[in-house]
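The block underneath contains the structure these notes are about, expressed in structure tokens.
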Amino acid sequence: MTQANSIAAPAYSALKRDRVLLAHGGGGQLTDELLADHVFPHISNRILDDLLDASDLGRQSGRLAFTIDSFVVQPWQFPGGDVGRLAIAGTVNDLAVTGAKPLAIALGVILAEGFPLANLDTVMNSVAATAKEANVRIATGDTKVVGHGHADGIYLITAGVGTIPTKRRLNPNRVRPGDKLILNGPIGEHGLAVMLAREMPDVRSVVTSDVAPLNSLTEALLAAGGNNVTFMRDPTRGGLSGLCADLAQRANLRVVLEESQILVHPAARHAADMLGLDPLDIANEGKVFVAVKPRAAEKVLRAMKSHPLGKDAAIVGHVEAASEGFCELHTQIGGRRIVQKPYGEQLPRIC
């Protein structure tokens, strides 16, 4: 028995240094080592370091905003980002487009047995860097390990909390005929970057994900537009077409898009054509779509253009009085077509 233990121990010790073991999720010493060596060093802060079952965020003013999301993107790393950056930026953006100031994020990590610890460090570095970029804290979290083959490397689950100023209200029911529609930059790049990395890993492309936290941009445009900003949303799954079709239906108005004003970079358009996809349908992770009253549209546009994430912002459409509740695209060749939500997912596990 002693001899067997002495043989097994070095192999076990070597394995635990570079791969996730099922025992890392058992709540014992290996769990402590995993957290101490590969999680906490990246995201340590005053609130998290208390290691309580729930975090005290202190007294806040305004209305509370709360969101939850999960991130199962495959591959976990892609040109322009990885699951860590995607999780923090996605959660921050879900809060920001409601007009909230993000305060804190709870982070759940699900690891598959055998996942390289060096890859976990890469993800946690991205989590930390993106949280710093967004000026938001990781306040609490949880880590679990599942057996080999029961998951695909790493999944992240996030819950975010923020505060909305008392008088700020962004909702489809505030959109009115005449409102201008503004988009902060080119579309389609996140979905295409992930799709190419997954389906054509040997193909070299300059297309990279646009994933980024948008809260500093949304605060800048809201400071410029105030209550003249009526609605915001980020066009993630379903793309711009899904967002606009949904807005038209919920507001019971006609949303009109001008194709000539919607920027698609040549490399992204080429990739979409090669894959037989419409850029309007493709997911984005660093774009915000804004409805604003016409009297403030130019002021909001200038504020967006002065921000690094909005330098390519443009007025891409407007809202018309109509009871049909549909979205119409004015094409570059002078035609018109109805824009509908994609029937299903073009690419599962895009986020």
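Applying the criterion of being touching a Lys or Arg at 6+ places or on another chain (Cβ under 6 Å) and among the small types (Gly, Ala, Ser) to the residues of segment 299-330, the residue that is farthest from Ile262 (Cα to Cα) is Ala322. The single condition among (1) under 25 Å from Ala89 (Cβ atoms); (2) touching a helix residue (DSSP H, G or I) at 6+ places or on another chain (Cβ under 6 Å) that Ala251 does not meet is (1). Can you name the residue in segment 301-351 that is part of a loop (DSSP other than H, G, I, E, B), within 20 Å of the chain's Cα centre (by Cα) and without any contact (Cβ under 8 Å) to a residue 12 or more places away in the chain and, of all such residues, is surrounded by the most Cβ atoms within 10 Å (Cβ to Cβ)? Ranking the candidates gives Pro348 first. When the criteria are applied in full, Arg250 fails the requirement of being modelled with pLDDT of 95 or more and of a type in the set (Lys, Arg). Tell me yes or no: at least one residue of segment 183-205 is more than 27 Å from Ala87 (Cβ to Cβ), at pLDDT 95 or above and surrounded by fewer than 20 Cβ atoms within 10 Å (Cβ to Cβ). Checked segment 183-205: no residue is more than 27 Å from Ala87 (Cβ to Cβ), at pLDDT 95 or above and surrounded by fewer than 20 Cβ atoms within 10 Å (Cβ to Cβ). If you check Phe78 against the conditions, is it over 15 Å from the mean Cα position of the chain (by Cα) and farther than 25 Å from Ala291 by Cα? It is false that Phe78 is over 15 Å from the mean Cα position of the chain (by Cα) and farther than 25 Å from Ala291 by Cα. Among residues of segment 110-136 that are on the phi > 0 side of the Ramachandran plot, those with a beta-carbon under 7 Å from a residue that is of a type in the set (D, E, K, R) and not in a helix (DSSP H, G or I) at least six positions away or on a different chain give the pairs Gly114/Arg19. For segment 285-294, the count of residues that are surrounded by fewer than 19 Cβ atoms within 10 Å (Cβ to Cβ) and in a helix (DSSP H, G or I) is nonzero.
Checking Leu221 against (1) surrounded by fewer than 21 Cβ atoms within 10 Å (Cβ to Cβ); (2) more than 17 Å from the chain's Cα centre (by Cα), only one condition comes out false. Which one? All conditions pass for Leu221, except number (1).
Being in contact with a Phe, Trp or Tyr (Cβ under 7 Å, 6 or more places away or on another chain), of a type in the set (A, V, I, L, M, F, W, C) and farther than 16 Å from His42 by Cα narrows it down to one of Val97, Val145, Val83, Val161, so name that one. Can you show your working first?
Numbers: Val97 fails: in contact with a Phe, Trp or Tyr (Cβ under 7 Å, 6 or more places away or on another chain); Val145 fails: in contact with a Phe, Trp or Tyr (Cβ under 7 Å, 6 or more places away or on another chain); Val83 fails: farther than 16 Å from His42 by Cα.
It is Val161.
Kindly evaluate Thr166 against the criterion of being within 22 Å of the chain's Cα centre (by Cα) and of a type in the set (Val, Ile, Thr). Walk me through it before giving the result.
Working: within 22 Å of the chain's Cα centre (by Cα): no; of a type in the set (Val, Ile, Thr): yes.
No: the conditions fail for Thr166.
The values are calculated or read from the model by the stated rules, or taken from the named source; none is laboratory data. Everything quoted here is computed from the prediction, not taken from an experiment. With ideal geometry, Cβ positions are generated from the backbone for all residues, glycine too; neighbour counts draw on all protein chains shown.
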